[in-house]
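Asks: Pasting a structure below so you can have a look.
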Amino acid sequence: MTIYSANKKHLVAVDCIIFGYDLMEKEIKLLLIKRSFEPAKGKWSLAGGFVQENEALDDAACRILYKLTGLRDVFMEQSCTYGEIERDPGARVISVAYSTLIKIQDIDKERKEQNEAHWQSISRLPRLIFDHSEMVKKAMQALQMQIKVRPVGFALLPAKFTLVQLQDLYEAIYQKSIDKRNFRKKILSMNILEKLEEKEKETSKRGAFYYQFNKERYKTFKELGFYFNLDVN
């Protein structure tokens, strides 16, 4: 008998909102699964599961991510906790949502197929079970805020990229078009990109210069009080 034995127990779960950037299709996608058990069997769902007895919340989220993608040491951010009494018709379940943003090409395709996971465009999502649509909406809003004030997007691009590719990424996350001139002026004014001599010539005859994100310079600037701000229209 424990100190709290007189209180009823509730199930605790984690739901993983796994966003992926598709460089070729220039859009953000969401990794979904078809639920294999009742309630809502066969319906589209986020990847999730119950927290085990001797498992921390963060460890549970990382376990589920690894099971679906084969990725380890990926930063997962706790998004929000959902505890409406009837949110899950199966039982009283309190769920903690976690979100992450990865490169689609980085995942283990065999693991994805074994778990019948599918990438779905964030702009054309199917109906999701329970309150999962709300989870995705809040996580996407948080991501849009983060990318304004932190250079999180550079990790989703190749080591060298064009400004067009960078803008495509930001437009995919913001879910809207961005003024080209304003975007370039703002990102270049921060002096955290290195312009290379090499050009990308597959999309145009004139070609576009490649750039690299200078992590060390950004780190130094940040220590000096530099504020990353890419809030553009």
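The values are calculated or read from the model by the stated rules, or taken from the named source; none is laboratory data. Small disclaimer: the values here were computed from a predicted structure and weren't measured. Don't worry about glycine lacking a Cβ; one is built from the backbone with ideal geometry, like all the others, and counts go over all protein chains shown. Just so you know, the surface numbers come from the protein's heavy atoms only, side chains and all, with ligands and any DNA or RNA stripped out. Shrake-Rupley method; radii C 1.70, N 1.55, O 1.52, S 1.80 Å.
Asks: Which residue out of Leu65, Leu46 is more than 20 Å from Lys137 (Cβ to Cβ) and either crowded, with 16+ Cβ neighbours inside 10 Å or of a type in the set (Asp, Glu) (or both)?
Replies: Unique residue meeting the criteria: Leu65.
Asks: Can I ask one more? Within the stretch 51-60, is even one residue assigned to a helix (DSSP H, G or I), open to solvent by 20 Å² or more (accessible area, probe 1.4 Å) and of a type in the set (A, V, I, L, M)? Spell out how you get there, then give the answer.
Replies: Of all residues in the stretch 51-60, those assigned to a helix (DSSP H, G or I) come to 57-60.
The next check asks that each one be open to solvent by 20 Å² or more (accessible area, probe 1.4 Å); those that pass are 57-59.
Subset that is of a type in the set (A, V, I, L, M): 57.
The answer is yes, given that some residue of the stretch 51-60 is assigned to a helix (DSSP H, G or I), open to solvent by 20 Å² or more (accessible area, probe 1.4 Å) and of a type in the set (A, V, I, L, M).
Asks: Pull out all pairs, ordered by first then second residue, where Cβ-Cβ is under 9 Å, the residues are six or more apart or on different chains, the first lies in the stretch 142-168 and is without any contact (Cβ under 8 Å) to a residue 24 or more places away in the chain, and the second is open to solvent by 20 Å² or more (accessible area, probe 1.4 Å) and in a helix (DSSP H, G or I).
Replies: Gln146/Val152; Gln167/Lys180; Gln167/Arg184
Asks: Restricting attention to the stretch 45-92, which residues are under 14 Å from the mean Cα position of the chain (by Cα) and of a type in the set (A, V, I, L, M)?
Replies: Of everything in the stretch 45-92, those that are under 14 Å from the mean Cα position of the chain (by Cα) and of a type in the set (A, V, I, L, M) turn out to be Leu46, Ala47, Ala61, Leu65, Leu71, Val74, Met76.
Asks: Which of the residues spanning the stretch 197-226 are open to solvent by 40 Å² or more (accessible area, probe 1.4 Å) and touching a Phe, Trp or Tyr at 6+ places or on another chain (Cβ under 9 Å)?
Replies: Of the stretch 197-226, the ones open to solvent by 40 Å² or more (accessible area, probe 1.4 Å) are 197-199, 201-206, 209, 212-213, 215-217, 219-226.
If the condition is that a residue be open to solvent by 40 Å² or more (accessible area, probe 1.4 Å) and touching a Phe, Trp or Tyr at 6+ places or on another chain (Cβ under 9 Å), then Glu197, Glu198, Lys199, Gln212, Phe213, Lys215, Thr220, Phe221, Lys222, Phe226 are the ones that fit.
Asks: Let me ask another. Could you go through the stretch 197-209 and let me know if any residue there is modelled with pLDDT of 95 or more, part of a strand (DSSP E or B) and over 25 Å from Ser123 (Cα atoms).
Replies: no
Asks: Still on this structure, I have one more. If we scan the stretch 87-101, do we find a residue that is out of contact with any Phe, Trp or Tyr (no Cβ under 8 Å at 6 or more places or on another chain) and under 19 Å from Lys29 (Cα atoms)?
Replies: yes
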